[in-house]
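Derivation of every value follows stated rules applied to the coordinates shown; laboratory data play no part. Just so it is clear, the model here is predicted, and its values are computed rather than measured. So basically every Cβ, Gly included, is an ideal-geometry build from the backbone, and we count neighbours across all protein chains shown.
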Amino acid sequence: MRSNQNNKILLNLINITRYGSSEYFYKKLDHAIKKIIGHKLFTLMVNDKKVKYVERVYSNNRKIYPLLGTKPIPKNNWTKRVYSQKKEFLAKDFNEIKKLFFDYEIIESLGCGSIINVPVIYNKKILGTLNILHKEKFYNKSSIKKILPYTQLLAPYYLAHQQKMKKKK
């Protein structure tokens, strides 16, 4: 995709943050990233402030990955990379996914074999992640670079959701 077209998509998403609801923004971001690099599964996860669990706030497959589902943050190499090192995670094949994700059988059933997880960071803290999956060997480091500018647009929505999470407890 051309840089000029990417800039238009990015500007459109920035404008949406001024007046759109979180659900509307998430849906537009889903479509933008699908257009830019493609995906079969797109989910957004927000972690609680103590970074003990994550809550799904968006899924393009709500039947398999419903909204507001929670799960503990695992303690493995994925967590080390994404949460400790604050870096993107890329698994290019299903064997890498199988080693780190408890729901690998569901992932495989969806025809997914590669994954990108990008941390959403604000004030040096991880607010959550943007997660995209596609067929095996679909993503590479270039794929990550193309979506990084879009990921950070999630920060205000994630901060607002964390406030709601706090009220639940």
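For the charge dipole of the chain, defined by +1 on Lys and Arg C-beta atoms and -1 on Asp and Glu C-beta atoms about the Cα centroid, which residue among LEU29, ASN61, ASN95 has the Cα displaced farthest towards the positive pole?
Selected residue: LEU29.
Go through LEU44, LEU154, TYR139 and say which Cα lies farthest out towards the positive end of the charge dipole of the chain; charges sit on Cβ, +1 for Lys and Arg, -1 for Asp and Glu.
Selected residue: LEU154.
Hey, if you drop one equal point scatterer on each alpha-carbon of the chain and run the Debye formula without solvent, what base-10 log of I(q)/I(0) do you get at q = 0.11, 0.14 Å⁻¹?
Log10 of I(q)/I(0), two decimals: -0.42, -0.70.
Testing the spin-label approximation: label points 7 Å from Cα along Cα→Cβ at GLN5 and LYS71. State their distance in nm.
3.3 nm
Can you tell me, using C-alpha contacts under 8 Å and at least 6 residues apart, the relative contact order of segment 1-90 as a whole percent?
Working: 77 pairs, mean separation 14.1, N = 90.
With pairs under 8 Å counted, the relative contact order is 16 percent.
Membrane-span-like helices in the chain: DSSP H runs reaching 18 Å or more (Cα, own axis), mean Kyte hydropathy at least -0.5? Show your work: numbers first, answer last.
Values: long enough: 3-19 (25 Å, -0.43); 22-36 (21 Å, -0.79); 155-168 (20 Å, -1.48).
Result, helices passing both filters: 3-19.
Put a dot 7 Å past each Cα toward the Cβ at LYS124 and GLN152; how far apart are the dots in nm?
1.7 nm
On full extension of the chain, what length is gained from LYS49 through SER84, given 0.36 nm per residue of separation minus the C-alpha to C-alpha distance? The partial results should precede the final answer.
Values: separation 35, 0.36 × 35 = 12.60 nm, distance 1.47 nm.
Stretched out fully, the LYS49 to SER84 stretch lengthens by 11.1 nm.
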